[in-house]
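Since the structure comes first, as structure tokens, the remarks are kept for the end.
Values in this text are rule-based calculations from the coordinates and carry no lab data. In this text the structure is predicted, and so the values were computed from the model without any measurement. No Cβ is skipped: glycine too gets one built from the backbone with ideal geometry, and neighbour counts run over all protein chains shown.
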Amino acid sequence: MAFKVFQNEKLRLARLINGLSQSELAEKIDVSRQYVHSLEIDKVPSDDLVLALASLLNVKTDFFYSPLSNEVREEQCHFRQRKTTPKITTQQVIAHGTIFELLVAYLDKSLNLPSMNFPHVDVINDEQIEEAADKCRLHWGLGFGPISNMCRVLENAGAVITYFDGLSDKVDALSISRSRNIVIRNTFKESIARFRFDLAHECGHLVLHQGIETGDDATENQANRFASALLMPRKTFSAEFPRMSSRLDWRAIYEMKLRWKASAAAILRRAKDLQLIDEVQYYSGYRYLSKTGQRKTENYDDRIPEEHPELLENAIKAYFEIYAQKPIDLANEINITSSLLSKITNISFDQIPIYINELSKNVIPFPSYLKNS
Amino acid sequence: MNNNLMPWECHPDLTKERLSSLTLFFANTRNELMSLYDQKRGDDAWSLGCRGFSWCKNRLMMIAGKNEWSWLSVLNPTKRFIFGIGAVPVRFYRGRIDRPPMGTLANSFDELRQLSLAFPDEPHFRDLKWRFAIETGLLGEPTNIIFAGLSQSGEVISYANIPFEVEIIKLPLGSPIVSDEVVLPKPTVSAPFVKKAEIKNGV
């Protein structure tokens, strides 16, 4: 008979993914904060307490007994956070990434997902970053015009994109460079243009910073420059940007925004980086956007087409279809409840039809997969 | 400008509400003007300045004509434009309050006559010129709208700097060119080889 060992760090993970502090959890199970702390370090809880913890934290009891083989550590994440981000928020986002990776690893094992296809480029200066972005465009067959759908660029290159919900706007996005890259983005932000830039920024980390610890100004600036260059390639953007002698031509800037599906702030920054406008014009333009309430959302954001991640939802649908499974079955595979599965995927399973693999019951031929096989 | 007298302390017609309405009017008009600046069609600083003056002047005349603000009147509709807030004659200019252009302080018969009517018993206020100074940033955007009473030498005797938030201007933009966009397919997900074989064999 296999001997089960309580994995203390899994309790910490489950607590964090549920957004609880040690004190809050202690209050719920009527123990001291110190006791919860000891449970997360080395103390072994009674079987009854394990049941209570599992029920409270939306996991199966087996969750606490399976070793944490994939723990994501802060230094392994490309983590766009603010200097003011509370530690607890950072820990919660990383816990989210860790459990999400368990799901992705399981889906990856069960299905054929797009192959990982991110070029790795070492860069030192801006010129090399521009070249790296051009190289990626060529590698992914994007040409040198606007990118119609940034989610699809990452997903066709094998990355899985998801959202984290209900935290705060203190974290922008996070990418985890693993056997399958994961990008997690805050749902808090409303602007689609900024969503695309965030994805391009994370793409920059995955291309430029493989195995490099990020989060400092230098690597964040490199990822920003890469994002600008990927979304607005130098050659085409420079040729299109109208000459502006002193005042900014806002109509032209907003038209560029709609064409390149980037924020007006990103257009201004790109124009400054490429020396198409000077520092004074850039500063004044940025100040104007700020003063007119366009820091978080801008004019004409509503005219940029929405885009949403597709890979995760398609993979889960395919899993249900191929294996004749339900959300609860998938959740069981990683020892969590279906409500926690819904939380970490940000998918409402009420809206996903559950398929039954009729072919496996020899009733009706299974349509889509046989056509391709 | 210490011990500043607020304009509404100088004359009851210069109420804070009226000055706020005019501040917002000048800010929004200036903001709209700047947003529509179109170098491709031949705009420059000169055209911006001319339009800035005309838009403010003509729109104030329209507001007064429709009696939208009952307290607003036009005293001189020419290029030496003077309007009235109640009984008090007022002019406007683009520039800093501490550096009024010479022309704005020049005496005019219409203004002097109206001032004597507005301040019959306060000769110290009768000599003040009431001005809106529309201060702008490097791009021409409104940064401060200041209402002040200036002495003949340009010294600020009374002033109010009323904060404002401009309206968002929606420009008539065309549809973007998308002919050079590459549309990628949806990311594909399929059954692994072994599972496909099982399905095929009805396992």
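Remark: B:Leu48, B:Leu150 ranked as B:Leu48, B:Leu150, counting other beta-carbon atoms within 10 Å and listing the fewest first. Kindly express, to the nearest 10 degrees and within the range 0 to 90, the angle between helix A:8-17's C-alpha long axis and the longest C-alpha principal axis of chain A. The answer is roughly 50 degrees.
For the peptides A:283-290, A:27-34, what is the packing order when you average, over each peptide's residues, the other Cβ atoms within 10 Å and list the highest mean first? Mind showing how you got there, number by number?
Working: A:283-290: 18.6, A:27-34: 12.8.
Top to bottom by mean Cβ count within 10 Å: A:283-290, A:27-34.
So which of A:Lys317/B:Lys186; A:Lys4/A:Lys343; A:Lys261/A:Lys296; B:Lys40/B:Lys170; A:Lys261/B:Lys186 end up more than 23 Å apart, counting from Cα to Cα? Over 23 Å apart, Cα to Cα: A:Lys4/A:Lys343.
Mind checking the mean number of beta-carbon atoms from other chains within 10 Å of the Cβ atoms in B:28-38? Show your work: numbers first, answer last.
Details: counts 0, 0, 0, 3, 0, 0, 4, 8, 3, 7, 5.
Whole-number average of other-chain Cβ neighbours for B:28-38 is 3.
The listed peptides A:259-267, A:144-152, ordered by packing as a protection proxy, come out as A:259-267, A:144-152 (highest mean of other Cβ atoms within 10 Å first). Building the convex hull from the alpha-carbon atoms of chain A and averaging its projection over directions returns 22.3 nm². Take each residue in B:168-176, count the other chain C-beta atoms within 10 Å of its C-beta, and the mean is 5. Against the main long axis of the alpha-carbon atoms of chain A, helix A:250-260 sits at an angle near 50°. Judged by the mean number of other Cβ atoms found within 10 Å, the most tightly packed of the peptides A:228-240, A:195-207 leads the ranking A:195-207, A:228-240. By the count of other C-beta atoms within 10 Å, a proxy for reagent exposure, B:Trp8, B:Trp46 are ordered fewest to most as B:Trp46, B:Trp8.
For a quick check: sort B:Leu117, B:Leu128, A:Leu154 by the number of other beta carbons within 10 angstrom, fewest at the front. Provide the component values of the computation, followed by the final result.
Numbers: B:Leu117 12, B:Leu128 23, A:Leu154 26.
Least crowded to most crowded, the residues run B:Leu117, B:Leu128, A:Leu154.
Annotation: amide H-H contacts under 5 Å for A:Phe164 (H modelled 1.01 Å from N, sequence separation of 5 or more, or interchain): A:Arg185, A:Asn186, A:Thr187.
Across peptide A:308-315, what mean number of C-beta atoms from other chains lies inside 10 Å of a residue's C-beta? It would help to have the intermediate numbers written out before the result.
Working: counts 0, 1, 3, 4, 2, 1, 4, 2.
Per residue, the average neighbour count from other chains is 2.
Measure nothing fancy, just the Cα-based angle from helix A:217-231's long axis to the longest principal axis of chain A, in degrees from 0 to 90, nearest 10. So the inclination is approximately 70 degrees.
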